[in-house]
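Visitor: Sharing a structure below in structure tokens format, with a few things to ask.
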Amino acid sequence: MTRLTAFQRVVSQYADIADSLLVYIEEAHPSDGWASSDAPYQIPIHRCLQDRLNAAQLLNLEVPGCLVVADTMENSSNAAYGAYFERLYILKDEKVVYQGGRGPEGYSISELRRWLDQYRNNLENSITVVIHV
């Protein structure tokens, strides 16, 4: 199972408690750079924002139900989140509450699932009171 397939399963499984966003950053294995022989697509180094947007569209097809956006050409999201090559985050109330390790070695879907399962369990065990005055 590919990482995108595993991520897609998380997106679907936890859609009731979490919105998902995939930020496409610079290509880790561009076809005209450090190419990977097992890459599903041959994507060259992005020379302009339109190149990056075109590549992000491919991800949009791979992960339906998940909003896909592209990083700036200055790689501001990549720099802010230390994402290179890939990284998982959970934000709640505009704060980072989960930061996964850097991929590929530190990328752990199972760790992300554990966090989301615990969060779901906490939601189910909380009491919500609605008062109409």
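Visitor: Can you run down the residue pairs with Cβ atoms below 9 Å, 6 or more apart or on separate chains, where the first is in segment 103-114 and farther than 18 Å from Arg9 by Cα and the partner is hydroxyl-bearing (Ser, Thr, Tyr) and surrounded by fewer than 15 Cβ atoms within 10 Å (Cβ to Cβ)?
Guide: Within 9 Å, the pairs are Gly103/Tyr84.
Visitor: Then there's this: Among the numbered conditions (1) within 15 Å of the chain's Cα centre (by Cα); (2) within 17 Å of Ile17 (Cβ to Cβ); (3) loosely packed, with under 13 Cβ neighbours inside 10 Å; (4) modelled with pLDDT of 90 or more, tell me where Gly65 comes up short.
Guide: Of the numbered conditions (1) within 15 Å of the chain's Cα centre (by Cα); (2) within 17 Å of Ile17 (Cβ to Cβ); (3) loosely packed, with under 13 Cβ neighbours inside 10 Å; (4) modelled with pLDDT of 90 or more, the odd one out for Gly65 is (4).
Visitor: In segment 81-113, which residue that is among the basic types (Lys, Arg) and farther than 15 Å from Phe7 by Cβ is surrounded by the most Cβ atoms within 10 Å (Cβ to Cβ)?
Guide: First, pick out the residues of segment 81-113 that are among the basic types (Lys, Arg): 87, 92, 95, 102, 113.
If we keep only those that are farther than 15 Å from Phe7 by Cβ as well, we get 92, 95, 102.
Values: Lys92: 10, Lys95: 7, Arg102: 15.
The qualifying residue surrounded by the most Cβ atoms within 10 Å (Cβ to Cβ) is Arg102.
Visitor: Do you know which residues across segment 115-133 are open to solvent by less than 80 Å² (accessible area, probe 1.4 Å) and either over 21 Å from Arg9 (Cβ atoms) or hydroxyl-bearing (Ser, Thr, Tyr) (or both)?
Guide: Tyr119, Ser126
Visitor: Then there's this: If I filter segment 70-77 for residues that are closer than 25 Å to Asp19 by Cβ, assigned to a helix (DSSP H, G or I) and open to solvent by 80 Å² or more (accessible area, probe 1.4 Å), do I get at least one hit?
Guide: Of all residues in segment 70-77, those closer than 25 Å to Asp19 by Cβ come to 70-72, 75-77.
Next, only the ones that are assigned to a helix (DSSP H, G or I) stay: 76-77.
Filter once more, so that each one left must be open to solvent by 80 Å² or more (accessible area, probe 1.4 Å): none.
Checked segment 70-77: no residue is closer than 25 Å to Asp19 by Cβ, assigned to a helix (DSSP H, G or I) and open to solvent by 80 Å² or more (accessible area, probe 1.4 Å).
The values are calculated or read from the model by the stated rules, or taken from the named source; none is laboratory data. Bear in mind that the values here come from a model prediction, so they are computed numbers and not experimental data. Neighbour counts run over all protein chains shown; Cβ positions are idealised from the backbone, glycine included. Note: accessible area is taken over every heavy atom of the protein model, side chains too, but ligands, DNA and RNA are not part of it. Shrake-Rupley method; radii C 1.70, N 1.55, O 1.52, S 1.80 Å.
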